[in-house]
Structure formats: C-alpha cells, structure tokens
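Note sheet for the following structure.
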Amino acid sequence: MALNIIVLIKQIIDIDQMRTDPGTGIPVTQGIPLKVETLSKNAIEAAVKLKEKYGGKVTGIIFGTEKSNAAMKEAYAMGVDEGFIITGYPGNNPSLTAHVISEKIKSIQGFNVVILGNQSADSYTGVLPGLMAGKLSLPLLGNAVSIEEDSGSIKIRRALEDRDQIVSAPMPCIVSVTQEINQPRLPPVLQIMAAGRKPINTEQASLIDLPAGKVLSNLAPKSERKRLIFEDVEKGSEEVAKIIRGEIK
Amino acid sequence: MKFLVFSDVGKNVSEIATKLRDLGEVHSFTLKSQRDAVMKSGSKKLVLLDGTSFSGNVSEALLKSDLSGYDYVFIASTPLGRDIAGIISAKTGNMIASEAFDFTIDNGKIRTKRFFFGGKTIMEEETGAKIVTVSPGSFEPSESPDSPAEETITLPGSPEKLLEEKDREAGGTNIESAGIIVSVGRGIGSKEAIEKITPLVTATRGELAGSRPVCLDYRWLSEERQVGLSGKKVKPRVYIALGISGQIQHIAGMRGSKIVVAVNKDKDAPIFQECDYGIVGDLFQIVPKLVEKLKK
C-alpha cells in the first residue's frame with residue numbers, strides 16, 4: 001500500500017570541521033558550516049526508498065532555525081516531497097524537541113510511519129525515538145537495519161545487544177534507523193536545482209517551559225598519554241614488547 | 001535513596017547496581033533470561049520480566065511498578081534501553097540525563113558526565129533529571145554476598161510482534177572486561193589479514209577488537225567487537241591499536257585504557273597523539289616481531 005511517511009531531520013554543525021582550543025579545550029563552533037546530520041540522511045534515504053517501492057509521500061520536519069533552509073533543500077533533492085521547518089530550536093533538550101515535533105505530527109493527517117535516526121552524531125543522546133513514541137502513544141520499532149511494509153504492518157530487522165530480530169508493528173508506528181541501513185544517495189544536479197525552487201513551510205515553535213540542564217563544562221578531555229613514538233621499528237618493537245610483557249596475566 | 005535499575009543485559013544491571021548499592025536501596029529489573037548475571041549485584045529486590053520484550057511493554061511494566069517510589073531510574077544505554085528511557089520520560093514527565101559514564105548525586109541534583117560533539121568534548125551537566133541512561137561498561141561490577149528477593153512479572157501483550165530471533169555468537173566475546181585488547185583498523189586491509197594478527201592476540205592472552213569501519217562497514221569482525229562512541233567503551237590495561245588512524249569517535253571508546261600502544265605507517269596519524277607508545281611502520285612487519293619478543 002502507498003505510505004504516508006514523516007521523516008525527522010536534524011541540522012547540526014559539521015563536527016569533523018570543529019576544532020577544540022589546544023590550550024583551553026573549549027570547542028570552537030563559530031564559523032563552522034551547518035549540515036544535515038548523518039543519521040538523518042539515513043532516515044531520509046530510508047523514507048524515500050519506501051516511497052519509491054510502495055508509492056505515497058514523504059514529509060520532512062526540521063526543528064531548527066532560520067538557517068535550516070539549506071538542510072530542507074538537501075532533503076528535497078534527495079526525494080522529500082514537502083517540508084516543514086519549525087524555528088526556535090534552543091539547543092540540546094530532547095524532551096523539548098519531542099514536545100515540539102510531536103505537536104506538529106499530530107497536525108498531519110493520516111500518516112503511516114514516522115522515521116528518524118536512532119542517535120544523532122553530535123549529542124548521541126539516543127532518546128528521541130522513545131520520547132516520540134511515548135508522546136504520540138505509538139508503537140516503536142527501534143534500530144532498524146531494514147524496513148518493509150507487510151499487509152498493513154511495518155516489518156523491520158534489527159540488531160539488539162546480543163541478538164538479531166525481525167519484528168513488526170501495525171501502522172501508524174515509529175521507526176528509528178541505524179547508520180547501517182543504507183548509503184544515502186547523492187542527488188543529481190538537476191534535482192538539486194529543482195529542490196532550490198520548491199517552497200518550504202516555516203513556522204515558529206510554541207515552546208513550553210521545560211527545565212534544561214545546567215552545563216557545568218564542555219571541554220576537550222586532556223590527553224595525558226606519554227607519546228613516545230619510535231620510527232626505528234626494531235627498537236620500538238623491543239620497548240613495546242617489554243611494556244606489554246609486564247601487563248600479561 | 002531508592003533506585004530502580006533496568007537493562008535487557010544482566011551484566012549492565014550489575015555494573016550500575018555496584019555503583020549505586022552504597023548510595024541506597026537498589027531494585028533491579030531485567031529480562032528473565034538474564035537472571036544469573038544479576039543475582040550477585042547487591043540488589044535488595046530483583047524483578048524478572050517474563051515474556052517477549054519490546055520497548056513498549058517493558059516500559060508499561062516499569063511504569064506499573066510505582067516509579068514515584070524511586071528517587072532515580074537508571075537504565076543501561078543499550079538500543080532497547082534508550083528507547084525505554086524515552087518512553088518512560090514522555091509518560092512521567094521526568095527528564096533524562098543521557099549517556100552518562102560517570103555521575104554524582106547531591107541534594108536532589110545529579111551531575112553527569114558524557115561525551116558531546118561526537119566525542120570531541122566531555123560535557124558535565126547538573127540537572128533535576130530522575131531518569132539516567134548509563135553507557136555500558138562505565139562501572140566495574142563486583143559481587144555482593146547478599147541475595148535479592150526475587151519476583152517475576154509477566155510482560156503485558158503488545159502491538160509489536162516478534163517474527164524471528166537469533167542469538168549472536170553464543171558465549172559471546174566480552175571486550176569490555178578484557179585486560180589486553182588487540183584492536184585492528186582499516187589499515188589491516190582485508191578480512192584475511194586478521195589471521196596474521198591472531199598470534200599477537202594469543203601471545204598477549206588478549207581479546208581481538210576493531211574500529212567502526214572494520215566491524216560495521218566491512219564486517220571483517222562482528223559488531224560485538226567494535227570499540228568506539230557508538231560501540232563498546234573499553235578500559236584494558238593495554239590497548240594495542242593496529243592500523244587505526246584514531247578518529248575521535250574511536251578514541252572516545254578507548255580513552256579509559258591504562259596504556260595505549262599504536263602501530264601505524266602514517267606518522268601523522270592522530271592515533272599517535274593519543275598513545276603512550278607508538279611505532280611508525282608496517283604492522284605486518286611489526287606484529288611478528290612483537291610476537292617473537294613476547295615469546296622469549
């Protein structure tokens with residue numbers, strides 16, 4: 001059956017480009033470009049693949065800022081049909097994010113499945129899928145490495161800590177995906193150009209007052225390693241073997 | 001204080017309970033299959049969940065267990081655990097402090113430490129959170145002589161259905177408790193090359209592990225052996241990194257190691273900034289040398 005799919009997209013700073021100050025350990029986030037978070041790309045790819053297979057529509061939601069247009073255009077180029085940017089993202093507070101996005105989802109009629117990444121590459125909090133399932137009172141199929149539709153249900157494969165499973169849930173439901181589920185596509189230039197002309201719906205988040213944590217510090221950890229580097233392989237092996245031998249039990 | 005601890009992996013319950021039992025009364029919840037791993041965790045009460053488990057019905061069972069009677073709910077950050085923490089948070093309105101690898105509780109506030117910015121920083125936060133997800137392997141479990149009072153709860157039915165299940169690698173590897181780890185990266189070049197590394201694993205009586213690309217992208221090793229921010233956090237006496245460039249996500253998984261040895265042919269590889277002893281050169285030449293010298 002054709003699927004009405006919602007995909008949740010996060011925009012973050014490009015962490016690979018982010019440096020920390022070598023003296024103070026303070027992260028330097030200014031001037032670092034924004035990008036679509038890695039797992040969100042996997043979620044978009046999974047959503048678009050489902051649409052291509054079964055027909056239907058993909059709606060993207062970003063809880064972000066005025067600067068999130070570029071991320072939505074990238075999502076459009078990958079195959080998202082309609083996009084909503086909710087501005088007012090105040091930073092990492094999963095409970096608040098879940099509140100804002102679940103309110104938006106409730107306004108979308110007749111959706112079958114909500115897809116999102118299982119952990120985002122900046123915070124690794126990993127609790128948004130559960131929060132969304134709780135807020136919307138929908139079944140959650142977490143950590144999918146494959147998704148298919150099966151006579152009115154969604155069926156996924158997943159790897160848990162010590163076991164692999166195939167599980168299903170009736171629609172509507174929530175599916176979180178892992179990075180292994182797919183290789184996100186690189187859209188062709190024509191699609192990127194078309195995406196640039198497509199309208200984006202932007203609305204202001206109605207924030208609620210939720211206590212955010214107080215950040216006491218956020219610094220690069222100091223490395224106290226000895227850093228004795230040998231370029232002489234023979235001498236290095238000798239020294240290293242001595243060290244290792246002392247630790248074998 | 002009173003704590004509820006849950007994990008679908010018994011070992012993780014014992015790790016967290018060991019840390020908490022000196023601070024108050026611990027009631028541990030886990031799946032029935034995990035009973036043996038939790039019996040010596042020093043919990044006052046052990047609740048075994050019987051039946052097919054999903055994030056939904058486990059959350060329902062925990063919510064029925066009068067959560068308001070506990071000061072804190074600690075959940076190990078496994079794939080299932082994170083989902084459950086989220087559902088419970090949404091249903092009770094209690095906030096989550098997530099991915100903690102260390103914490104202290106003081107005057108109704110909890111201070112937690114976690115990695116942030118993909119492992120580039122450590123964030124210390126103070127929150128009024130009542131739910132905490134704990135990174136597995138963060139605490140050393142120790143056995144307690146006190147046996148818990150046992151109770152079994154049958155899990156409620158659920159809209160999710162289990163169609164197929166397969167245990168991975170029976171007996172399992174446990175790199176989290178290994179004393180010496182020999183860890184391989186993309187630099188080993190192929191799955192076949194692992195054979196050339198095993199003599200070093202044997203000689204050190206160590207465990208074999210790998211980086212994310214080796215375990216997840218190329219599948220040269222199983223994912224139980226993946227060290228990193230998204231894999232296992234390890235703290236052996238010696239961590240030997242072979243052909244691992246030293247991406248920050250990898251470093252975050254092995255930062256707790258006592259001694260780090262790195263072998264890489266690229267002398268500018270970031271791993272050399274995070275090691276105690278480094279050898280610049282071809283690992284296939286160096287590994288046999290190490291094995292030979294260790295055998296002497």
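The values are calculated or read from the model by the stated rules, or taken from the named source; none is laboratory data. Quantities reported herein were computed from a predicted structural model and do not represent experimental measurements. Here Cβ is always computed from backbone atoms with ideal geometry, including for glycine, and neighbour counts include all displayed protein chains. Surface areas here come from the heavy atoms of the whole protein model, side chains and all, with no ligands, DNA or RNA. Shrake-Rupley method; radii C 1.70, N 1.55, O 1.52, S 1.80 Å.
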When all Cα-Cα pair distances of region B:130-176 are considered, the percent exceeding 18 Å is 71 percent
Relative contact order (%) - criterion: Cα under 8 Å, at least six apart; region: region B:175-295 = 25 percent
Semi-axes a, b, c in Å (a largest) for region B:2-154, each sqrt of 5 times a Cα gyration tensor eigenvalue, come to 22, 17, 15
Would you mind checking the pairs B:K166/B:K233; A:K222/B:K40; A:K106/B:K166; B:K44/B:K120 and listing those with alpha carbons more than 29 angstrom apart?
-> A:K222/B:K40; A:K106/B:K166; B:K44/B:K120
With springs only between Cα atoms under 10 Å, which of A:I44, A:I229, A:I208 fluctuates most in a Gaussian network model of chain A?
-> A:I229
Chain B: most fluctuating residue of B:K109, B:K45, B:K161 per GNM, C-alpha cutoff 10 Å = B:K161
Give the long-range amide H neighbours of A:L228: residues separated by 5 or more places, or on another chain, with amide H under 5 Å away, using H modelled in the peptide plane at 1.01 Å from N.
-> B:Y277, B:G278
Let me know the Kirkwood hydrodynamic radius for region B:175-295, please, with Cα pairs as the basis and the value in Å to one decimal.
-> 13.7 Å
Multiply the residue separation of B:T92 and B:L23 by 0.36 nm, subtract the distance between their alpha-carbon atoms, and state the gained length in nm to one decimal.
-> 22.5 nm
Per the Cα gyration tensor, region A:158-249 corresponds to an equivalent ellipsoid with semi-axes, largest first in Å, of 48, 25, 24
Cα-Cα longer than 28 Å, checked against A:K104/B:K11; A:K35/A:K214; B:K19/B:K235; A:K57/A:K104, kept in input order, equals A:K104/B:K11
Env charge @ B:G256, Cβ radius under 9 Å, K,R +1 / D,E -1, value +4
Computed on alpha carbon atoms, what radius of gyration and Dmax characterise chain A, expressed in Å?
-> 21.8, 70
Accessible area per residue, 1.4 Å probe, Å², for chain A: what's the number?
-> 44 Å²
For the pair A:D81 and A:K198, the simple spin-label estimate (label points 7 Å beyond Cα toward Cβ) gives in nm 1.1 nm
Value of Rg to Rh for chain B (Rh from inverse mean 1/r over Cα pairs, i.e. Kirkwood) | 1.01
Contour minus Cα-Cα span, A:D150 to A:A212, at 0.36 nm per residue, comes to 18.3 nm
Could you tell me which of rounded, prolate or oblate describes region B:66-186, using a ≥ b ≥ c as the square roots of the eigenvalues of the alpha-carbon gyration tensor, with rounded for a/c under 1.5 and, failing that, prolate when a/b is larger than b/c and oblate otherwise?
-> rounded
GNM result for chain A, Cα springs below 10 Å: residue of A:M132, A:M18, A:M171 fluctuating most strongly = A:M18
Mind checking how much accessible area B and A bury in total, 1.4 Å probe, in Å² rounded to 100?
-> 7400 Å²
Using alpha carbon centroids, what distance separates region B:62-85 and region A:94-153, in Å?
-> 19 Å
With a 1.4 angstrom probe the carbon and sulfur portion of accessible area for region A:3-204, in percent, totals 52 percent
A:Y76 accessible area, 1.4 Å probe, all protein chains in place, Å² to nearest 10 = 10 Å²
Cβ charges +1 (Lys, Arg) and -1 (Asp, Glu), total dipole of region A:35-117, debye = 120 debye
Give the accessible surface of chain B per residue, rounded to a whole number of Å², with probe radius 1.4 Å and ligands, DNA and RNA excluded.
-> 39 Å²
Do any of A:K226/B:K191; B:K32/B:K191; A:K51/B:K232; A:K73/B:K265; A:K226/B:K296 go past 30 Å between their Cα atoms, and which?
-> A:K226/B:K191; B:K32/B:K191; A:K51/B:K232; A:K73/B:K265
Over region B:127-227, what number does the Rg to Rh ratio reach, with both radii from the alpha-carbon atoms and Rh per Kirkwood?
-> 1.09
Please quote Rg/Rh for the protein assembly as shown to two decimal places, taking the Kirkwood radius as Rh and restricting both calculations to Cα atoms.
-> 0.97
